[in-house]
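Single-structure report; data block below.
The values are calculated or read from the model by the stated rules, or taken from the named source; none is laboratory data. The structure displayed is predicted, hence computed values, not measured ones. Here the Cβ positions follow ideal geometry from the backbone for every residue, glycine too, while neighbour counts run over all protein chains shown.
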Amino acid sequence: MHNNLVILAGGASSRMKKEAITTNLSPEEIAQANERSKGLIGVGASGRPLLDYLLLNAKKAGYQNIYIIIGEQGGLFKEFYGSEMKNNDFHGLNISFAVQYIPEGREKPFGTADALFQAVEQYPELNTQQYSVCNSDNLYSAAALLALRETESPNAFISYDRDALAFPIERISRFAIAKLDKNNQLLDILEKPTADVLEEYKDIDGKIRVSMNAFKFNGATLYTHLKNCPVHPERDEKELPTVLLNSVKENPGTTIGIAFSEHVPDLTAKEDIADVKEYLQKYYPDLNWETKN
C-alpha cells in the first residue's frame, strides 16, 4: 500500500475557456473559468475550489503525500495550498508542487505523460515507489482512491461502468473504452469508439468500461515508458494512456482494471460548473477535514 498521489493540474484548460452556451453563470464564475486552472474554480461551500474536495477524499483514502503538477503560471495553487514548493501542511496532507514547463517552440503543455515525466524528474523518489495519479478537475470518490492504494497489482486504473456516468450520451460516446480479459487485466484502450465495436469491448460482466484518468503505477517500471512516450499523431501531445499501453505490451498481466460503478463529477467546460455545484451541495454540504480515513 502506498501513500503518494500525483494530481495533474498543469493543462491549458482550453475547453473551459471557450465561450459558454449557458446563461446560469455569474460574472465571477465566468471570470474564474477563463483565468483559473479548472480545479481551482470556486464551486464549493464558501467559494472553495473543486480541488479541496478531491484532497478531502484523498485524505479519507489514506494518502499522505500529494504532488500537484502545476503550470509555469500556477502561482494561485500556492495561495490555496501552501507557499513552499515542497512539504506544505494542508489539513494534515503533505503537499508539494511540480512544474510542467512548456518546451521551447510550443504554446501549450505537452500532455499528461509529459506532465508526469517532469514531476518524477523533479521528485525522483517516486521512481523507486508506487504512486497514484489523477486529474484535478474530476472528483473521484474516497472509495475509488482507496482501491488504487490497496491494489497489489503493479499498475491499475479505475475501470468505470460507462452506464453509471451521468453525462449526456453524446459526451459519453466520445470517451475512450478499455478492453479487459476475463481477469480484468488491461488489453487495449480504444479512442473514439464506434457503435459497431462496443460488443467486443464488453467485460466479463457485460459492461463497457472507461478510464477517467485515475491510475496506480509502479514507478520503477513506468519510468522508461514515460521518458520514451511517443507523441499522439492527432493531438500532438504525450498521453498517459499511451504510456500505460506500452507498459502492458512489455509487461502483460500487470495492469488491472478495478471495476467501479459510480458517477465522476467533471469540470471540462463552463457548462459543467452548475452541475458540479449542485452535486457538491447534495453530497458535500460542508468540508469536514476532521473525518477519519
Task: Number of the condition not met by S211 [criteria: (1) over 21 Å from D137 (Cβ atoms); (2) of a type in the set (G, A, S); (3) modelled with pLDDT of 90 or more] - done: (1)
Task: Selected residue (criterion: nearest to L267 (Cα to Cα)) from residues of segment 52-68 that are outside any helix (DSSP H, G or I) and touching a Ser or Thr at 6+ places or on another chain (Cβ under 8 Å) - done: I68
Task: Of the criteria (1) modelled with pLDDT under 95; (2) part of a helix (DSSP H, G or I), which one Y223 fails - done: (1)
TODO: Report, by residue number, each residue of segment 77-130 that is more than 27 Å from N246 (Cβ to Cβ), part of a loop (DSSP other than H, G, I, E, B) and among the charged types (D, E, K, R).
DONE: E84, K86
Open item on the list: Looking only at segment 91-137, count every residue that is at positive phi, surrounded by fewer than 17 Cβ atoms within 10 Å (Cβ to Cβ) and touching a residue at least 40 places away in the same chain (Cβ under 8 Å) and tell me the total.
Closed with: 2
TODO: Please find, within segment 231-252, the residue that is nearest to the chain's Cα centre (by Cα) out of those that are polar (S, T, N, Q) and buried (at least 19 other Cβ atoms within 10 Å of the Cβ).
DONE: T242
TODO: Would you check if there is a residue in segment 67-85 being crowded, with 16+ Cβ neighbours inside 10 Å, modelled with pLDDT under 90 and more than 27 Å from Y283 (Cβ to Cβ)?
DONE: yes
TODO: State whether the residues of segment 284-292 include one that is in contact with a strand residue (DSSP E or B) (Cβ under 8 Å, 6 or more places away or on another chain) and either part of a helix (DSSP H, G or I) or among the hydrophobic types (A, V, I, L, M, F, W, C) (or both).
DONE: no
Task: Single condition S13 does not satisfy, out of (1) crowded, with 17+ Cβ neighbours inside 10 Å; (2) of a type in the set (S, T, N, Q); (3) modelled with pLDDT under 90; (4) within 17 Å of L280 (Cβ to Cβ) - done: (4)
TODO: Any chance you could count how many residues in segment 230-257 are out of contact with any His (no Cβ under 7 Å at 6 or more places or on another chain), of a type outside the set (K, R), free of Cβ contacts under 8 Å to residues at least 60 places away in the same chain and not in a loop (DSSP other than H, G, I, E, B)?
DONE: 2
Open item on the list: Between K216, K207, which is in a strand (DSSP E or B) and either under 20 Å from the mean Cα position of the chain (by Cα) or at negative phi (or both)?
Closed with: K216
TODO: Check whether at least one residue in segment 187-204 is touching a helix residue (DSSP H, G or I) at 6+ places or on another chain (Cβ under 8 Å), assigned to a helix (DSSP H, G or I) and among the β-branched types (V, I, T), and report yes or no.
DONE: no
Open item on the list: Based on this model, can you work out whether E29 counts as assigned to a helix (DSSP H, G or I) and in contact (Cβ under 8 Å) with a residue 12 or more places away in the chain?
Closed with: yes
Open item on the list: Looking only at segment 91-128, filter to residues that are closer than 18 Å to N4 by Cα and among the polar types (S, T, N, Q); which one of those is farthest from the chain's Cα centre (by Cα)?
Closed with: T128
Open item on the list: It is to be established whether one or more residues within segment 255-273 are within 21 Å of A58 (Cβ to Cβ), surrounded by fewer than 19 Cβ atoms within 10 Å (Cβ to Cβ) and in contact with a Gly (Cβ under 6 Å, 6 or more places away or on another chain).
Closed with: no
